[in-house]
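Quick notes on the structure that follows.
The values are calculated or read from the model by the stated rules, or taken from the named source; none is laboratory data. Because the structure is predicted, anything quoted here is derived from the model rather than measured. For neighbour counting, all protein chains shown are included, and Cβ atoms are generated from backbone atoms with ideal geometry for every residue, glycine included. Remember, those area values only see protein heavy atoms, side chains included, never the ligands or the DNA or RNA. Shrake-Rupley method; radii C 1.70, N 1.55, O 1.52, S 1.80 Å.
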Amino acid sequence: VQLQACGGGLAQAGGSPRLSCAASGRTFSGHVVGWFRQAPGKERELVVAFSWSGGHSPYYADSVKGRFTISRDNAKNTVNLQLNTLKPEDTAVYYCAARTGAGVRTTPRSYQYWGQGTQVTVSS
C-alpha cells in the first residue's frame, strides 16, 4: 500500500485544518489506518487509529480526544483527520500509517506502510 498524505501547513491556535491520506496500490480493507505525529525532539506518537473493517471505536490519544476526528471516504479510499481547536503543542510532522490486521497498535514499528510526513505548525 502506498500512502499519500496532504493538508497541514501553518494554522493559528484554535484553527481547524484537515489532513488527508489516500491509499494506492491496494485498498485500506483489512488494515488498521492511523495518524502519528512527531514533534521536534520527541518520539513519534499515535494520535488516532481505527480498523478499516470496523468492529471497534477509533483509538484517540488523550491529548486529542474531543478535538480531532478521523473519518473515511470509501469511494476515494481515503482517510481524513479533522483537527479542531488546535493548540501550539499540536505542532508536529503528521504521518499517516497502515498495518495489516484488525487490531490497533500504538507503536510505530507495528505499522508497515507510511506516507510522507506533513507539517502542521500552530501559531499562538
Quick calc: nm separation of the 7 Å Cα→Cβ label points for Thr107 and Ala75 -> 4.0 nm
Tell me which lysines have Cα within less than 30 Å of Lys42's Cα, excluding those fewer than 8 residues away on the same chain? Lys65, Lys87
Spit out the partnerless Cys residues in the chain, using Cβ distances under 4.7 Å as the pairing rule. Cys6
With every protein chain left in place, what is the accessible area per residue of region 1-100 in square angstrom, probe 1.4 Å? 48 Å²
Using only Cα atoms, locate the centre of region 40-83 and the centre of region 87-124, then give the distance between them in Å, rounded to an integer. 9 Å
Suppose a student asked you for the relative contact order of the chain, using Cα pairs under 8 Å spaced at least 6 residues apart; what percent would you report? 37 percent
Using every alpha carbon pair in region 5-65, what percent of pairs falls into each 5 Å bin from 0 up to the bin containing the largest distance? 4, 14, 19, 26, 21, 10, 6, 1
